[in-house]
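Here the structure is laid out as structure tokens; the discussion comes afterwards.
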Amino acid sequence: MEAAQRVLLIDLENMIGPVNPRPELVRGRITALVRAAGPVHHALACYARTEPELDVIGSVLAEMSVPSRVVTPGPDAAEKALLAHARYVHGRGCRTFSVASADRSFTALAEFGDFDVIAWTNQQVSTRLQAAARQVLRVPRSGPATGPAPVYRPPGPALPLLSALTTGIGIGLGQFAVERLVTRVSRRHNGGEGEAER
């Protein structure tokens, strides 16, 4: 990873609530948070559940291509898991984060680089967190989403590959055109000797 590539960390309980939310509400709020973050290398949402086998939130997030991690309930369990992921990507070179949470636990992100906080309009954000963050982005608290789940698509290898492919084709066509032109000029200059040599 490059230092400027941003990772989005989503504290699901802090941004949506600890009680099992309706899938439509999850879709609406996750969509708003992802849009507020802008282009990111990837996102990770984390939350605690006592019975993960009965949970549908992970399925909703999977529909939206947002990876999630379910943790055992405990003090700051989701926050610790997200910070562990931040530590991991920091080890791979990442130095830029966005965190969707108002929890002061995320002041620890300052150890890994620059970070922005994404919070709902009028949501109370920890004073320490605000002081440690580069900026706090306020987003209107969205309601349930209707229709199909919007899909978050992290950047993949397809665009660079397509760019390299089209560049290579362009160079090849250009070289072919130049060689044809040189051959024609050479034939005219030599009175058709190029044909006889073949």
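Each value in this text was obtained by applying a stated rule to the coordinates, not by laboratory testing. Everything quoted here is computed from the prediction, not taken from an experiment. A quick note on method: Cβ atoms are made from the backbone with ideal geometry, for glycine too, and the neighbour counts reach across all protein chains shown.
Step through the residues of segment 100-105 one at a time and calculate ³J(HN,Hα) from phi using the Karplus curve (6.51 cos²θ - 1.76 cosθ + 1.60, θ = phi - 60°), rounding each to whole Hz and writing x for Gly and Pro.
Values, residue by residue: 8, 5, 10, 7, 5, 4 Hz.
Rounded to the nearest 0.05, what FRET efficiency do Thr121 and Val19 have when you use their Cβ-Cβ distance and R0 = 25 Å?
0.70
Provide the per-residue ³J(HN,Hα) series for segment 63-74, in order, calculated from phi with Karplus coefficients 6.51, -1.76, 1.60 and θ = phi - 60°, each as a whole number of Hz, with x at glycine and proline positions.
4, 8, 6, 10, x, 9, 10, 9, 10, 6, x, x
For Ile118, list long-range residues whose amide hydrogen, built 1.01 Å from N in the peptide plane, is under 5 Å from its own amide hydrogen.
Val99, Ala100, Ser101, Leu137
Sorted by packing (mean other beta-carbon atoms within 10 Å per residue), highest first, where do 107-118, 126-137 land?
107-118, 126-137
Based on the alpha-carbon gyration tensor of segment 9-126 and its eigenvalue square roots a ≥ b ≥ c, which shape applies: rounded if a/c is under 1.5, prolate if not and a/b is larger than b/c, or oblate?
rounded
Could you pull out every residue, at least 5 positions away or on a different chain, whose amide H is within less than 5 Å of the one on Arg141? Hs are placed 1.01 Å off N in the peptide plane, and Pro or chain starts have none.
Excluding prolines and chain starts, which carry no amide H, the hits are Thr121.
Pull up all non-local amide H partners of Ser65: gap of 5 or more, or a different chain, and H-to-H distance under 5 Å with H placed in the peptide plane.
When sequence neighbours closer than 5 places are left aside, the close amide H contacts are Tyr152.
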